[in-house]
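The next block holds one structure in the form of structure tokens; read it before the comments.
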Amino acid sequence: MTIIINIDVMLAKRKMSVTELSKRVGITMANLSILKNGKAKAVRFSTLEGICKALECQPGYIVEYRDDDKK
């Protein structure tokens, strides 16, 4: 099982910088970087909500599931 975080894709579509997203959501650049690079072990719903609000998208645009066992 792999969870993919597509923040970079949405940032590009919205022509928004990581710095701007960080300010809008109210999380540090370090924490956003950890999440963006797929290194986070968890994400708060309030953080996901803030990201979705700032990027005007649904959670499914940010978080994606890929089945590693599926051929």
| task | Normalise the Debye intensity by I(0) for the chain, one equal point scatterer per Cα, no solvent, then take log10 at q = 0.11, 0.14, 0.25 Å⁻¹ and round to two decimals. | result | -0.25, -0.40, -1.20
| query | Quick one: helix 45-55 against the long Cα principal axis of the chain, what's the angle to the nearest 10°, folded into 0 to 90? | reply | 70
| field | Extreme residue, positive dipole direction of the chain, given options C57, I3, T19 (C-beta unit charges) | value | T19
| task | Quick one: which residues, 5 or more positions from N6 or on another chain, have an amide H under 5 Å from its amide H? H modelled 1.01 Å from N in the peptide plane, none for Pro or chain starts. | result | V63, E64
| Counting each DSSP H run of 4 or more residues in the chain as -39500 (n - 2.57), what helix-only mean residue ellipticity at 222 nm follows after dividing by all residues, to the nearest 500 deg cm²/dmol? | -14500 deg cm²/dmol
| query | With Cβ to Cβ distances under 12 Å as the rule, what net charge do the other residues near G38 carry (K, R +1; D, E -1)? | reply | +2
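Every read-out reported here was derived from the displayed coordinates using simple, explicitly stated rules and does not represent laboratory data. This is a predicted model, so every value here is computed, not measured. Cβ: placed from backbone, ideal geometry, glycine included. Neighbour counts: every protein chain shown.
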